[in-house]
Amino acid sequence: METKLQGNQPGTGRSGVSGLGGWLILVQIGLYATLIIALYELVVTMPVFSPETWNMITSKESEYYHYLWGPVIVYETAYGIILSAFCVFILIDFYARKAIVPKLMIIFYGGSLLLGIFDYILVMQIPLAREMEDGSTVQALIRAGFTSLIWIPYFLKSVRVKNTFVR
């Protein structure tokens, strides 16, 4: 899985380490974990679309009504579906060692952070959601920020990345 080269890598003219080892193992674990969590959250969210629950939060007669509940739930569901599909797409290209993977990973990390911030701002406009916020969303956003600060530069500067994703 991992190759450490002293000279040039055959066929690429590149020297240094290559392969899916090293820090890329953590990236793989993160992609699989993100995929599993996104799919789990989709399954957990699906009951919200039952007629009773949906009407409870989107009907103006309901005490739980807020005009943003519907758009927020649809946004988060669409985001979960797109994130899951994007993770699968990245993993396929990752193992095929496609040259586009570094760009996809930068989009993945940066996009996840930006869309998470947008979601947080949107959700905090709903009084009931604001009351239920326990700080875990802010912690997740901080974690996403640190993740982006670490992995985006890694995918921009790493010799292993440059030597591995060449196809």
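The values are calculated or read from the model by the stated rules, or taken from the named source; none is laboratory data. No experiment lies behind these values; they were computed from the predicted model shown. Cβ: placed from backbone, ideal geometry, glycine included. Neighbour counts: every protein chain shown. Ligands, DNA and RNA are stripped out before the accessible areas are found, and what is left, the full protein with its side chains, is counted by its heavy atoms. Shrake-Rupley method; radii C 1.70, N 1.55, O 1.52, S 1.80 Å.
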Original post:
Taking the Cα centre of the chain as the origin, how large is its charge dipole in debye, to the nearest 20, when only Lys and Arg (+1) and Asp and Glu (-1) carry charge on their Cβ atoms?
Top reply: 1400 debye
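Using the alpha carbon gyration tensor of the chain, what are the three equivalent-ellipsoid semi-axes (square root of 5 times each eigenvalue), largest first, in whole Å?
Details: eigenvalues 335, 47, 24 Å².
Each semi-axis is the square root of five times an eigenvalue, giving 41, 15, 11 Å.
Just flag the trypsin sites (Lys or Arg not before Pro) in the range 60-117 sitting in loop per DSSP whose Cβ has no more than 11 other Cβ atoms within 10 Å. It would help to have the intermediate numbers written out before the result.
Values: sites: K60, R97, K98, K103; in loops: K60, R97, K98.
When the trypsin sites (Lys or Arg not before Pro) of the range 60-117 are filtered for loop state and at most 11 Cβ neighbours within 10 Å, K60 remain.
Pick out, in residue order, every one of the chymotrypsin sites (Phe, Trp or Tyr not before Pro) in the range 67-139 that is DSSP loop and has at most 16 other C-beta atoms within 10 Å; say none if there are none.
Here the chymotrypsin sites (Phe, Trp or Tyr not before Pro) that fit, given the DSSP loop and packing criteria, are Y67.
Whenever you get a sec, compute what percent of the accessible area on the chain sits on carbon and sulfur atoms (1.4 Å probe).
68 percent
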Original post:
Given that compact globular proteins tend to follow 2.2 N^0.38 Å, what is the ratio of the alpha-carbon Rg of the range 10-65 to that value?
Top reply: 2.23
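Which order do peptides 149-158, 50-59 fall in by mean Cβ count within 10 Å, highest first? Numbers along the way, then the final one.
On the way: 149-158: 15.3, 50-59: 12.7.
Result, highest mean first: 149-158, 50-59.
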Original post:
For the chain, with the dipole built from +1 on Lys and Arg beta-carbon atoms and -1 on Asp and Glu ones, taken about the Cα centre, which of I90, A140, S112 lies farthest toward the positive end?
Top reply: I90
**OP:** Skip the ligands, DNA and RNA, and give the accessible area per residue of the range 86-167 with a 1.4 Å probe, whole Å².
**Re:** 57 Å²
Subject >> Extent along principal axes [Cα atoms of the range 58-151; Å; largest to smallest] >> reply: 54, 25, 14
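Return a single number: how many Lys pairs in the chain, at a sequence separation of 8 or more or on separate chains, have alpha-carbon atoms below 16 angstrom apart. Numbers along the way, then the final one.
Working: K4/K162; K98/K162; K103/K157; K103/K162.
So the count of such lysine pairs works out to 4.
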